[in-house]
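Colleague: Sharing a structure with you now.
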Amino acid sequence: MFFIHGKKTARIKRDTYHQYACKNCKDFDLDIRVYREYFHVFFLPFFPIGYKEVKIRCNNCGEPKWIESVQKHYEKTSRTPFYLYGAAILLIL
């Protein structure tokens, strides 16, 4: 039987942050993206796996940033979207 499955990464939140200045270019425009991996069956998201990953970059120069307090805040407040449980919900119904 042919069974397509695997894991993929989805962006679950995108935001801009204006509280910290970039050390490289002194700009106050940081791009924040939150990602989460999910398991899929026949390319339908079944359930999320792993942890949320927060990536912060300067919008002006593109340099990656490590601001632990901001990362922890976005990991805590970002919710996993409903559609990442899509196949599991269909299976239950």
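The values are calculated or read from the model by the stated rules, or taken from the named source; none is laboratory data. Note that the coordinates shown come from a computational prediction; the quantities given were computed from them, not determined experimentally. Cβ placement follows ideal geometry from the backbone for every residue including glycine, while neighbour counts extend to all protein chains displayed. Protein only, heavy atoms only, side chains kept; ligands, DNA and RNA dropped before computing areas. Shrake-Rupley method; radii C 1.70, N 1.55, O 1.52, S 1.80 Å.
Colleague: Treating the Cα atoms of the range 11-61 as identical point scatterers in vacuum, please give the log10 of the normalised Debye intensity I(q)/I(0) at q = 0.17, 0.22 Å⁻¹, two decimals.
Modeller: Normalising to I(0) and taking log10 leaves -0.59, -0.76.
Colleague: Taking the Cα-to-Cβ direction at residue 57 and at residue 28 and moving 7 Å from each Cα, how far apart do the two end points lie in nm?
Modeller: Using points 7 Å along Cα→Cβ, the separation is 2.3 nm.
Colleague: In debye, nearest 20: dipole of the chain around its Cα centre with unit charges on the Cβ of K, R (+) and D, E (-)?
Modeller: Taking the Cα centre of the chain as origin, the dipole is about 60 debye.
Colleague: For the chain, find the longest principal axis of its Cα atoms and tell me its angle to the long axis of helix 68-77, 0 to 90°, nearest 10.
Modeller: Rounded to the nearest ten degrees, it is 40.
Colleague: Can I ask one more? Using only the alpha carbons of the chain, determine the length spanned along each of the three principal axes and report them from longest to shortest in whole angstroms.
Modeller: 56, 24, 16
Colleague: Given H placed 1.01 Å from N in the peptide plane, which residues other than close sequence neighbours of residue 47 have an amide H under 5 Å from its amide H?
Modeller: The list, which skips near neighbours in sequence, is 39.
Colleague: How many Å² of accessible area per residue for the chain, probe 1.4 Å?
Modeller: For the chain, the per-residue accessible area is 73 Å².
Colleague: Let me ask something additional. Taking H as built 1.01 Å from N, whose amide H comes closer than 5 Å to the amide H of residue 13, not counting residues under 5 places away?
Modeller: It is 34, by chain and number.
Colleague: Looking at the chain, how many pairs of lysines come closer than 17 Å at the Cα, when each pair is eight or more places apart or spans two chains?
Modeller: 16
Colleague: While we're looking at this one, here's another question. Go ahead and set up a Gaussian network model of the chain, Cα springs under 10 Å, then flag whichever of 12, 32, 67 fluctuates most.
Modeller: Per the Cα network of the chain with a 10 Å cutoff, 67 tops the list.
Colleague: Which residue fluctuates most in the GNM of the chain (Cα springs below 10 Å): 28, 82, 47?
Modeller: In the Gaussian network model the winner is 82.
Colleague: Something else now. Over the range 40-93, what portion of Cα pair distances is larger than 15 Å, expressed as a whole percent?
Modeller: It works out to 61 percent of all Cα pairs.
Colleague: Which stretch or stretches of the range 31-46 have amide N atoms under 19 Å from the point lying 7 Å from residue 90's Cα along the Cα→Cβ direction?
Modeller: 38-46
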